[in-house]
1. What number of residues in the range 103-130 are of a type in the set (A, V, I, L, M) and part of a loop (DSSP other than H, G, I, E, B)?
2. In the range 45-78, how many are farther than 19 Å from ARG100 by Cα and in contact with a helix residue (DSSP H, G or I) (Cβ under 9 Å, 6 or more places away or on another chain)?
3. Being in contact with a Pro (Cβ under 8 Å, 6 or more places away or on another chain) and either at pLDDT 95 or above or closer than 22 Å to ALA130 by Cα (or both), is that true of even one residue in the range 194-212?
Amino acid sequence: MASHIAQIVRRLQRAYGPHPWRRHGKPLDGLIGTVLSQHTSDTNSDAAFEKLRRAFPTWRACMNARPAEVECAIRCGGLSRQKTRSIQAILRFLQADRGRLSLDFLRRWPMRRAREYLLALPGVGPKTAACVLLFNLHKPALPVDTHVHRLARRLGLIPDDTSAEDAHDLLESACPKKLVYPFHVLLIQHGRQVCHARRPRCGECVLADICPSRETTNAE
């Protein structure tokens with residue numbers, strides 16, 4: 001499967017350009033931003049993160065704030081009450097466990113140990129942990145969002161009945177480490193622009209000739 005994934009990445013890079021692996025800020029910022037991104041658009045989650053940082057310049061201030069104040073700051077991102085509980089619980093866990101509000105120490109840890117720590121944080125699941133590992137800690141974890149899950153099934157990389165949670169392990173173990181970042185980013189871009197959940201544009205797809213689902217998806 002590694003060679004098949006490499007072929008997919010090459011074709012998508014020709015279509016969309018290269019995506020070099022880069023860090024996206026501090027890991028705690030990334031974790032909070034990923035929590036805010038759940039069940040909303042990038043535009044809304046980015047706005048919620050900016051408003052949260054304007055309202056609370058430090059994570060300590062956010063941790064100690066009244067929940068209603070945090071909810072007000074992030075309301076534009078949706079599910080503000082649930083996300084406030086998660087954010088403040090994460091911050092309190094870190095303060096109690098490490099004595100400081102930072103995840104920078106995870107940079108020194110091997111990926112497996114860092115993932116286990118992230119999954120032990122309140123409300124953090126496999127996708128959120130993988131996002132922090134990949135984008136903020138520069139470790140080859142493979143997040144599986146709805147686009148990656150859909151395209152991986154259509155391309156025959158995982159069985160159709162594979163859950164998103166199980167897909168994390170299957171795809172991450174099959175994908176060459178140096179391709180994890182571009183594979184993840186390019187599949188999302190391709191899913192948004194061409195391989196839609198409904199009415200995928202197979203006639204415009206650079207992967208159509210190697211996609212076993214081409215005929216069935218055209219029939220959706």
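1. Keep residues of the range 103-130 that are of a type in the set (A, V, I, L, M), which gives 103, 106, 111, 114, 118-121, 124, 129-130.
Those left that are additionally part of a loop (DSSP other than H, G, I, E, B): 103, 121, 124.
Of the residues in the range 103-130, 3 are of a type in the set (A, V, I, L, M) and part of a loop (DSSP other than H, G, I, E, B).
2. Within the range 45-78, the subset farther than 19 Å from ARG100 by Cα is 45-52, 54-55, 66-78.
Restricting the remaining residues to those that are in contact with a helix residue (DSSP H, G or I) (Cβ under 9 Å, 6 or more places away or on another chain) gives 45-49, 51-52, 54-55, 67-78.
Of the residues in that region, 21 qualify.
3. First, the residues of the range 194-212 that are in contact with a Pro (Cβ under 8 Å, 6 or more places away or on another chain): 194.
Now restrict to residues that are either at pLDDT 95 or above or closer than 22 Å to ALA130 by Cα (or both): 194.
Scanning the range 194-212 turns up at least one residue that is in contact with a Pro (Cβ under 8 Å, 6 or more places away or on another chain) and either at pLDDT 95 or above or closer than 22 Å to ALA130 by Cα (or both).
The values are calculated or read from the model by the stated rules, or taken from the named source; none is laboratory data. Here the structure is a predicted model, which means the values were calculated and not measured. Neighbour counts are summed over all protein chains in view; Cβ atoms, including those assigned to glycine, are modelled from backbone coordinates with ideal geometry.
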